[in-house]
Amino acid sequence: MENPVGKPEDYTANSPGLKGIRFVVPLELAGLRLDQALARLAPEYSRSRLQSWIRGNKVWLDGENCSSRKKVWGGESVDIAASPEPDETAHAPQEMQLSILFEDDFLIVIEKPAGLVVHPGSGNREGTLLNALLHHAPELSSIPRAGIVHRLDKETSGLMVVAKTLPAQTSLVRQLQARQVKRHYVALVHGKLGKDGTVDAPIGRHPAHRTKMAVVKKGKPARTHYKVIENFSGCTLLECALESGRTHQIRVHMQHIGHPLVGDPVYGKKPLPSPNASRLSAFHRQALHARRLSFVHPESGELLEFESDLPEDLTGLLSELE
């Protein structure tokens, strides 16, 4: 039986071994370019991904490859070999312990410990969260970046969500872009902050130190809200909420207002003289924990909310400060 007009159907595409999708173009899309029609037919995939599949000859219109600009007139069959990009996959799975708070067929919510690198890179080719995810759920090998949609720095602990399907990943990325994913962090910063506030300052690559980020005029917009939880001698415990997700955002913004994170090796500073100075100096990672995370489930539409306890090293330091 022919697939209903405009409805996707899984199939094995013309290219061997590739799982794909089939559409019949509805008449109401007549006159649109192929890439525009695909964006309507398959909104779960990003436009850039659809265009890359067209360029890579992974899309067939009535059995023929064609360009993005080819117009459709309704009734044509569209076959898509929906495969990930080669450079987005193919990392080795490794057996590692994961702290999983929630998992279903569409996503995983984990607690990342401090010290764990999220994605392989220079100097960290193995032993990363991505390697662990590929061992835990081998099907993630077919998802870009093994389903990872956002990152935490190596020495930042806390909550992350990972997609298990490409549509779920696209949904979560779009929620992040639309600022619908709510992320709240606990941060311990140097100095005393007496009231709540917001840092609204663009972040970009440091003009002199290219491995660092900084507040720069031509940077990308970034906004961090913070609330004072508790004041200690020489430091303040904050809750920080992100509106954007720039690299090192909380660390850079707190440094920008003169209150860098305790233990931050890149953006930190020596503690000011206080009864707690030696304790703060002894904490050897940025005191930052992703405590709360909420988002809309990509399949059910349900609002999911998660909370993570502070890790032992941070609770130990807070106990000493009290």
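For the reader, a short list of remarks on this structure follows.
- Separation in nanometres of the label points that stand 7 Å from Cα toward Cβ, at residue 62 and residue 319: 7.4
- Taking label points 7 Å from Cα along the Cα-to-Cβ direction, residue 300 and residue 101 give a separation of 1.6 nm.
- Burial ranking of peptide ranges 71-78, 261-268 (average Cβ count within 10 Å, highest at the top): 261-268, 71-78
- By average C-beta atoms within 10 angstrom, highest first, the peptides 293-299, 191-197, 128-134: 128-134, 293-299, 191-197
- Working from Cα pairs under 8 Å separated by at least six residues, relative contact order for the chain is 13 percent.
- Packing here is the average count of other Cβ atoms within 10 Å per residue, and on that basis the peptides 38-45, 218-225, highest first, run 38-45, 218-225.
- Estimated FRET transfer efficiency (residue 92, residue 208; beta-carbon r; R0 30 Å; 0.05): 0.25
- Gained length - residue 119 relative to residue 192, 0.36 nm times residue gap less alpha-carbon distance: 22.8 nm
- For the chain, the fraction of alpha-carbon pairs lying more than 36 Å apart is 30 percent, rounded to a whole number.
- Across 154/270; 217/269; 164/218; 154/192, pairs whose alpha-carbon gap is larger than 30 Å: 164/218
Read-outs: derived from the displayed coordinates by stated rules, not from any lab. Please read these numbers as outputs of a predicted model, since none were measured by experiment. Positions of Cβ are generated from backbone atoms using ideal geometry, with glycine treated the same way; all protein chains shown enter the neighbour counts.
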